[in-house]
Amino acid sequence: MNPEHPARHPSSALAPLFAAWLALVALTLLSLALGAWFHGSDWLPPAVALLIWLKGTLVARHFIEAPLAHPFIRWLLRAFVAFAPLALVGIAFFGGEFARWATL
C-alpha cells in the first residue's frame, strides 16, 4: 500500500472546516451556559446576539463560502446574518413597541 494514498491522509481543506465546527460547538455551549447562569440579566440579550452573529458569520464564511460569492450576494448574506441578532436586541429592549406594531 502506498503511504501517500489520500484515504490515509485526509485533505488539509477539512482542517479549517473542523476548526469552524469546533468553534460553533464552543459558542453554542457558551450561549447555553450564559443562559443558565445569568438568566434575566440585562446584558444577556446583547451577549447572546453577539454569539448569534459570530456563529452566523462562521457558517457564512466557512460553510457557505461567502468570500467566493458575488459582492451583491456577499452583502445580502451579511445583512441576513445581521438580522437575527439585531431583531433579538430590538425585541429585548423594545418588546412593548414591537408588540403594539404586531397587534391587529
Review point. In the range 61-101, how many are within 18 Å of the chain's Cα centre (by Cα), under 21 Å from LEU50 (Cβ atoms) and of a type in the set (Val, Ile, Thr)?
Key: 3
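Within the range 86-101, identify whether any single residue is farther than 26 Å from LEU14 by Cβ and among the charged types (D, E, K, R), and answer yes or no.
Step one: list which residues in the range 86-101 are farther than 26 Å from LEU14 by Cβ, which gives 86-101.
Subsequent filtering for residues that are among the charged types (D, E, K, R) retains 97, 100.
Yes: the range 86-101 contains one or more residues that are farther than 26 Å from LEU14 by Cβ and among the charged types (D, E, K, R).
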Review point. Which number in (1) farther than 22 Å from PHE18 by Cβ; (2) free of Cβ contacts under 8 Å to residues at least 40 places away in the same chain marks the one condition that VAL48 misses?
Key: (2)
Practice item. Report those helices (runs of 4 or more DSSP H) wholly inside the range 5-104 carrying at least 2 residues which are surrounded by fewer than 11 Cβ atoms within 10 Å (Cβ to Cβ) and modelled with pLDDT of 90 or more. Key: 14-37, 71-102
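The values are calculated or read from the model by the stated rules, or taken from the named source; none is laboratory data. Keep in mind it's a predicted model, so treat the numbers as computed, not measured. Every residue, glycine as well, gets a Cβ built from its backbone with ideal geometry; the counts of neighbours run over all protein chains shown.
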